[in-house]
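I have placed the structure first, in the form of structure tokens, so that the comments after it can refer back to it.
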Amino acid sequence: MARADRSNRSSRRDDRLDSPKGLRTSFRRTDRDRFGRFTEGIARGMGTPTFLFSLIFFVIVWMSYTAFAPDAWPKVDSVANGFTVLTLALSIQASAGTPLLLLAQNRQEDRDRVQIEQDRQRAERNLNDTEYLAREVVALRLAMRDLASKDFIRAELRSLLEDLDKSDDPKKSE
């Protein structure tokens, strides 16, 4: 039974036409954007005041420990060497953080581009709807000109009533 399942899976993979036969892989990537979200999380974290104050606090503690700790305590860095290990650590952090920040910025630009396109399409639809409604209002106004107004109907009814009164008056005089 297990062999039949394996052969079915492999034959299904071979039936796929969206990739060349030699480049097909057996694993499936369920989340293609995981690294991008990870880098955005790091970029968001690196831009917060909490991170910056924590980094400042870390540097102050490092320099204070290195400068004022007793000689019997183990030290990683030295004041005489100009805090070489601290400089190296901060340089590594900066060199690792910069590409992540750039990647997050590129992803944000892509999202902004998509949002701008959607806004443009929405504005175009709104303009088309507004033009349609304006044409409909003009058509209704033109149609209303052909309709009898309330004043016109009253005037016509008054004239008909006067005509009826005139036609009734000669009969009363007889």
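Every number in this text was worked out from the coordinates using simple rules, so none of it is lab data. Predicted model, so just to flag it, every value in this text is computed and none were measured. Note: ideal-geometry Cβ built from the backbone for every residue, glycine included; neighbour counts use all protein chains shown.
Please work out which one of (1) surrounded by 10 or more Cβ atoms within 10 Å (Cβ to Cβ); (2) within 30 Å of F58 (Cβ to Cβ) is the condition A72 fails and give its number.
All conditions pass for A72, except number (1).
Which residue pairs have Cβ atoms closer than 6 Å, lie 6 or more positions apart in sequence or on different chains, and pair a first residue in the range 103-118 that is within 12 Å of E40 (Cβ to Cβ) with a second residue that is among the β-branched types (V, I, T)?
Every condition considered, the pairs that remain are L103/T39; A104/T39.
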